[in-house]
Amino acid sequence: MLEKIVQGKSLETWFNEFPKLREVYDLKEVLWINDKYESIKSKTSFKPSMDDILDAMNRLGRFASYIKVAFPVTRESDGIIESELFEIDMMKNHLAKKANKDLEGRLFIKGDHALPISGSIKARGGIYEVLKHAEDLAISHGLLKEGMDYSAFDSEEFRALFSQHSIAVGSTGNLGLSIGIISARLGFKVYVHMSSDAKKWKKDLLRSKGVTVIEYESDYSKAVEEGRKKAELDDKMYFVDDENSVNLFLGYAVAALRLSKQLKDMNIAVDSEHPLFVYLPCGVGGGPGGVAYGLKLIFGDNVHCFFAEPTHSPCMLIGMMTSLHDKVSVQDFDIDNKTAADGLAVGRPSGFVGKILENLLSGVYSVTDENLFIMLSDLADLEEIYLEPSALAGVNGIVHMHSEEAKGYIEKNNLADKMKDSVHIAWATGGSMVPEAEMKLYYETGDKLRK
């Protein structure tokens, strides 16, 4: 097995160069600290810029009147798609007891599992990109005039225009849901290319909205590749490219501005004495990448962002550790990319995201499916918060920050005496749209495993 060659080197050579890679290969849970991480002060320019993120936030503000009309569930939030921040003290105490450690700081869940419209973090980037495309089309066809109320997008005139155009995307599930639901509601023809690990209920929900779902026996990368190919043949088809899209990235980055305000409103300081740690479940990298990037632009060296991936799909971990990014897949290292965390079942990371975050991401850790299910049941019992398995990946990040492996990072960044005043946020990326029967199965799986 070790004679296998990856990018011109044997596996043994790779393991000698990156000892932690052997543990990844052996499907062990690991914490990898990014040795290329550096102070944000050393960077002189940022692309995308803060102005780009503010532009995205303002666009979402313009669309609020449309969102409110098209999706009445958002009336209470005045058409703004946002989630709550919950402190989960009981879960923190439980994790501390299990790890036999004193976990310093406060632990929160960012409730993107309950985002309106599509019930996951993808309601940010996915919906934003489709709205931007709709706005561009409306302007180019002379339908959208300056100063016009965007509730006009919910009219026959606008739907007639959009019905002549198509939108396509490749997805493991949640991005497909967000793109499908918003695009169909606007009047577009929609094609969602779904990988083999996408859940049946997600496909059924999309079809019920009039979306064409195209299924593949292969994984996420194949679904994206096929979707991209078909879109290239049709000049009226717009492809949402989860691997490379700047607009998706900006839609996610808006979350950082919103979180900053939430923290301020809750009187939670983030500064040199009060570090913020954010743990983001990672598939191809667009969602967590956009959020992490926005947070670094706002909080600089006072925020520490970590991605979390399943042990069977650690694509960003391998891509960033080896600096090969999208030139390498988990399958190259004989890892099967099969996980119950369907939203994270990605074999090849986004090179676009990996390169942008090369010096900004603090690290990546991996988690077994068994532990995802156990945490799912624990969180449901202790906090009455129900997430899909992939969304649990960020929850035990606080434990990793109190481990031996993290000691060097904590000391190097002068954080040891500040951990008592630290804030830890696990980003809950999906769950509220999971059918009750399916959630019951998830819970029972975790319950059996912990017993």
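The values are calculated or read from the model by the stated rules, or taken from the named source; none is laboratory data. Quantities reported herein were computed from a predicted structural model and do not represent experimental measurements. Every residue, glycine as well, gets a Cβ built from its backbone with ideal geometry; the counts of neighbours run over all protein chains shown. Protein only, heavy atoms only, side chains kept; ligands, DNA and RNA dropped before computing areas. Shrake-Rupley method; radii C 1.70, N 1.55, O 1.52, S 1.80 Å.
Here are the numbers:
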quantity	calculated
Spherically averaged projected area in nm², based on the convex hull that wraps the Cα atoms of the chain	21.4 nm²
Translational diffusion of region 15-77, µm² s⁻¹ [Kirkwood Rh, Cα pairs; Stokes-Einstein; 37 °C; 0.692 mPa s]	197 µm²/s
Value of relative contact order over region 187-322, rounded to a whole percent, pairs C-alpha under 8 Å and six or more apart	19 percent
Quarter of Cα convex hull surface for region 294-446, i.e. mean projection, nm²	10.0 nm²
Amide H contacts of Phe108 (H built 1.01 Å from N, under 5 Å, at least 5 apart or other chain)	Ile88, His424, Ile425, Ala426
Angle in degrees between helix 89-99 and the longest Cα principal axis of the chain, rounded to the nearest 10	40 degrees
Kirkwood Rh in Å, taken over region 147-214 so that all alpha-carbon pairs contribute	12.3 Å
Ordering of 227-235, 193-201, 246-254, 329-337 by burial proxy (mean other Cβ atoms within 10 Å per residue, highest first)	246-254, 193-201, 329-337, 227-235
Loop-resident sites, region 82-143, for GluC sites (Glu not before Pro), counting at most 14 other Cβ within 10 Å (DSSP)	Glu84
All-pairs alpha carbon distance profile, region 1-112, 5 Å steps from 0, percent	2, 8, 8, 8, 10, 11, 13, 13, 14, 7, 4, 2
Solvent exposure ordering (accessible area, 1.4 Å, most first) of Phe158, Phe239	Phe239, Phe158
Whole-percent carbon and sulfur share, accessible surface of region 56-176, 1.4 Å	50 percent
Kirkwood Rh, angstrom, region 355-445 [1 / mean 1/r, Cα pairs]	15.0 Å
1.4 Å probe accessible area per residue over region 57-189, in Å²	38 Å²
Efficiency of FRET from Cβ geometry, Asp336 and Leu449, R₀ 22 Å, rounded to 0.05	0.65
Contour minus Cα-Cα distance for Lys261 and Asp235 (0.36 nm per residue)	5.3 nm
Sparse-neighbourhood loop sites, GluC sites (Glu not before Pro) in region 307-384 - DSSP loop, at most 13 other Cβ within 10 angstrom	Glu384
Label-to-label distance, nm, for residues given as Ser39 and Lys440 (7 Å Cα→Cβ offset)	5.7 nm
CD proxy at 222 nm, helix term only [per DSSP H run n ≥ 4: -39500 (n - 2.57); per residue of the chain; nearest 500]	-13000 deg cm²/dmol
The chain: angle of helix 50-62 to the longest principal axis, Cα-based, in degrees nearest 10	50 degrees
Whole-percent carbon and sulfur share, accessible surface of region 290-434, 1.4 Å	46 percent
Amide proton proximity set for His304, modelled H, under 5 Å, gap of 5+	Leu276, Phe277, Val278
DSSP beta bridge pairing in the chain, given as percent antiparallel to the nearest 5	25 percent
Extension gain, Glu29 back to Asp51 (0.36 nm per residue minus Cα-Cα distance, nm)	4.1 nm
Gained length - Asp136 relative to Asn100, 0.36 nm times residue gap less alpha-carbon distance	7.5 nm
